[in-house]
Amino acid sequence: MLQSAAEQRAVINRMLSDVQPAIDALRACVTGAAAEATVNKGLNTIRSGRGAGAVTIAVDQLVDDERLLNQQSEAERVALRQYYFSLHQINRVSDFLGDSNNVGDDSHPLIGFTGVLDPIKTFNGVDIRRAQLNVPLDKACKDQSFLKLFYNWSVRMFFS
């Protein structure tokens with residue numbers, strides 16, 4: 001579980017490193033081809049998400065199974081129960097953040113799309129289009145609801 005969490009955190013950190021520069025460009029209202037490429041890269045990143053919910057099967061058994069409880073000292077039971085509550089709290093927060101943010105919601109009016117990418121070069125051969133701004137960057141940076149898409153995504157990933 002620890003290895004899985006570390007791997008998940010590394011992926012989330014890479015994704016955040018694509019999104020934060022887009023947030024910075026939008027907040028500073030930077031324009032130009034490089035800034036637009038940065039925002040479009042971030043825009044494509046926020047179309048997906050990673051949950052970081054905890055796997056609780058083993059600890060659930062350790063705190064609920066009578067046979068396993070009989071093999072534990074009182075101190076072990078207390079420690080495992082605290083760990084159990086912590087893992088389940090992580091899952092509640094992850095679920096709440098996942099439900100409260102629109103990860104993958106492409107319906108914002110400033111989001112447009114490229115033509116279909118070559119299915120041979122895409123994930124699983126599925127037709128995929130890249131998201132892109134459909135307005136000039138100097139207009140997009142003034143739209144707080146557009147910036148909020150990036151901000152909400154980054155908050156969700158940070159707390160996952």
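The values are calculated or read from the model by the stated rules, or taken from the named source; none is laboratory data. Since the model is a prediction, treat every value here as computed from it, not as a measurement. Here the Cβ is made from the backbone with ideal geometry for all residues, glycine too, and neighbour counts use every protein chain on show. SASA here: full protein model, heavy atoms, side chains in, ligands and nucleic acids out. Shrake-Rupley method; radii C 1.70, N 1.55, O 1.52, S 1.80 Å.
Summary table
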{"item": "Arg14 vs. criteria of a type outside the set (Ser, Thr, Tyr) and outside any loop (DSSP other than H, G, I, E, B)", "result": "yes"}
{"item": "Criterion (in contact with a helix residue (DSSP H, G or I) (Cβ under 7 Å, 6 or more places away or on another chain) and at pLDDT below 90) met by exactly one of Ala58, Ala52", "result": "Ala52"}
{"item": "Count - residues of region 26-43 that are under 13 Å from Lys142 (Cα atoms) and open to solvent by 10 Å² or more (accessible area, probe 1.4 Å)", "result": "5"}
{"item": "Residue selected from region 29-60 under the condition more than 18 Å from the chain's Cα centre (by Cα) and in contact (Cβ under 8 Å) with a residue 60 or more places away in the chain, by the criterion nearest to Phe113 (Cα to Cα)", "result": "Glu36"}
{"item": "Boolean, Ser73 is at pLDDT below 90, of a type in the set (Ser, Thr, Tyr) and open to solvent by 40 Å² or more (accessible area, probe 1.4 Å)", "result": "no"}
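Matching residues to (1) open to solvent by less than 40 Å² (accessible area, probe 1.4 Å); (2) modelled with pLDDT under 75:
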| position | (1), (2) |
| --- | --- |
| Tyr84 | no, no |
| Gln89 | no, no |
| Val93 | no, yes |
| Asn101 | yes, yes |
| Asp106 | no, no |
| Asn124 | no, yes |
| Asp127 | no, yes |
